[in-house]
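First comes the structure, then the notes that go with it.
Only the coordinates and a few stated rules stand behind these numbers; no lab work does. All values reported here derive from a predicted model rather than from experimental measurement. Here the Cβ positions follow ideal geometry from the backbone for every residue, glycine too, while neighbour counts run over all protein chains shown.
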Amino acid sequence: MKFLIKNTLLLLLIFTLTYQAQDRSERVRENKRNNITAVEDRAQNVITVNQLGQTVTNLGQFYPFGGVSPAGRWPISTDHDAIYKTNMYIGLPGDNNKPFNVIQTRAANTKEWDAVAGIHNPDSGKVAISSDTLTWPIANGIPYWPIRTVDDKDSINSQEDTYAVYRDETNQQYQTNLVVYQTTYAWSTSKDEDYIIMKFEIENDTTVAHDGLYFGMYTDFDAGGVENDYEDDKWGFEKDRNFYYIYDADNISSDWPGVQPFMLGLVFLETPITTNGKTGITDWHYSSDGDSPWGDIVAEDKIVYQWMSSDPALKSNNRWPNLFHGDDINYDDVTQINQAGQRLDAIGASGPYTIQPGQKLTFILALVAGQDYSEISENVDRIYRVYNDGLKVVPPPKPSLSYEAFNNQITLKWSNEKELNFIDPITGLTRVKNYKVFKTTDPQRNDWGDPVAVIPASGNTNPYTYTWTDPQTTSNYFYYSYSVTVEDIDGLESGKTFLPSDQSALENTAEIRPVDAPEQSVDDIKVVPNPYIISATWERKRLGDPLLGEPVRDLSFTNLPSECTIKIYTIDGDLVKTIEHTSGTGTAFWDIRSEYNQLIATGVYFYHVSSKYGEKIGKFAIVR
């Protein structure tokens, strides 16, 4: 299992879908019933808003088709993945008229769930995610979120929702016409950043009822890493909380030297009532994953169904001796796992159910991480609170950040305006407890570290401005990112930006370059560095730039008036570039490109600065 066989799925042809004008609230149903599924509709995306990085697909699998996208990655700023494979299974029993049928996409070559078209923007090739409208389906040239409110508005529940629809169009046994509506929810608030909620709505899109249906999650988690450290794992299972989790027996990872492995688990928050009057996880079994039936071939469908439904006939089948552990036919005994751990997978299931034509069965689960049992258990408690509150998380408001950055010093400013509007209805006082200041020089804003300052709320009921000056050295022209978050009285914290593309946190996050304060003279104007040899020390590579890492060139004119005109000439007097400096600072940056966007050649250049304070002529050299 852990040989990281890189099965690269080519996303073949992307079709541009043309939709007829119709009520958007009906669009999902029309797509589901009338649009065909095809390989080119398959898509995936990555949840990045919180600390649990996770790939989602529209095939019922929770790991990427290929490559190194996150799968149970925690924290997201690392490459520490703990999911090898996790798949949603639907099982139906066999009888005299039809065989056992377990619909799954765990097998590399038999993807029995396939994507329904029209649920995401096919040009993006990505599962629809609420944080990126480029992934949304389009109607009449306008992107829209595919889940609609009763008044036809975008229905988005968390800071980052994803949505996909799939059906068993490519079922190897027989097509059941079951359709799955899959939604995930994620938040960046401090108490909610370590889990992702997953909702599966199973609809019977046919005129025939299905009896004996089981819903299951096949989970091949690897505490300590999916590459090499998977032989010493152990499961924990708590029936009362419908929760099971993987952990590393010796708490050491050969994949992540010096890093303590974390725990990863799954919670069944909501299931329908089974035909036997039960709810939650009705059946849970583990196996050494080399011994378990994966459903890779249809001949194993019967075995997989018997496993997920706890069939006593399978327990007595000598061909499959390692699928049940202990005396309880429904729930395996984790104390029978080797003391030193072993190579493991598991299946958690719920059933049986009868699903009538047109009926939907809803299952809500949560994927959760934590450093140790205490932390993951606390996260599970938090998940249940959020679930009981209707999957609503209300983070504290983000302060609106402004700043001053002159002469190697950075000062942040924000008002208490939102603090005054975030009131506890019982006490009548603000719910804001602290402001936390974070700082990083990481251009991707992954590594924020601990807060560099914690500032208690002032308690002032009148308009008030907080100011904080960075006591650490900051150098002119270099890049620094700051984020100011709010912690409320319950310990919830507003999020900060993890990636530059995350627009949701720009209000309280700023990338800052200290520059010179403006001068009321032209006497001290300089070019820095001079000579400019290949690069300047503050330059950095572009993020996602098509020039393959070509640095952002930055030659600086310093000690300028707040407004002036800079003209740059060759030694022969040809005008190369005109810069209108109007930023109100004493520094102007030039990317050493001409008016025609061409990088200039090595040589000596003259500059002429004109302002209301007079004129200045100087020269500088560039060596490329």
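Which pairs, out of K199/K239; K199/K436; K111/K392, put more than 25 Å between their alpha-carbon atoms?
Details: K199/K239 20 Å; K199/K436 33 Å; K111/K392 34 Å.
Over 25 Å Cα-Cα: K199/K436; K111/K392.
The Kirkwood hydrodynamic radius of segment 401-512, based on inverse pair distances between different Cα atoms, is 14.8 Å.
Compactness check for segment 526-622: Cα Rg over 2.2 N^0.38 Å is 1.08. For K85, the aspartates and glutamates whose Cα comes closer than 14 Å to its Cα, not counting residues fewer than 8 places off in the same chain, are D220, D222, E227, D289, D296, D345. Summing charges over neighbours of H608, with a neighbour being any other residue whose Cβ is under 10 Å away from its Cβ, gives +1 when K and R count +1 and D and E count -1. Exposure proxy ranking for T441, T271, based on other Cβ atoms within 10 angstrom of each Cβ and starting from the fewest, stands as T441, T271.
The aspartates and glutamates within cross-link reach of K315, meaning a Cα-to-Cα straight distance under 13 Å and a gap of 8 or more places when in the same chain, are D327, D328, D332. Working note: Cα gyration tensor of segment 111-209, eigenvalues times five, square-rooted, sorted largest first, giving semi-axes of 25, 18, 13 Å.
Residue ranges 379-390, 256-267, 204-215 sort as 256-267, 204-215, 379-390 when ordered by packing (mean number of other C-beta atoms within 10 Å per residue, highest first). Of the residues T162, T362, T55, the one with the fewest other Cβ atoms within 10 Å heads the list, and the complete ranking is T362, T55, T162. Pair-distance distribution P(r) for the chain, from all Cα-Cα distances in 20 Å bins starting at 0: 17, 42, 29, 10, 1 percent. A straight Cα-to-Cα reach below 17 Å connects K567 with the lysines K526, K577, K612, K616, K619, residues fewer than 8 places away in its own chain not being considered.
Divide by every residue of the chain the summed helix terms, -39500 (n - 2.57) for each DSSP H run of at least 4, and state the resulting mean residue ellipticity at 222 nm, rounded to the nearest 500 deg cm²/dmol.
Details: 5 runs with 41 residues, N = 624.
One gets -2000 deg cm²/dmol as the mean residue ellipticity at 222 nm.
Ordering Y174, Y230 from the fewest to the most neighbouring beta carbons within 10 Å gives Y174, Y230.
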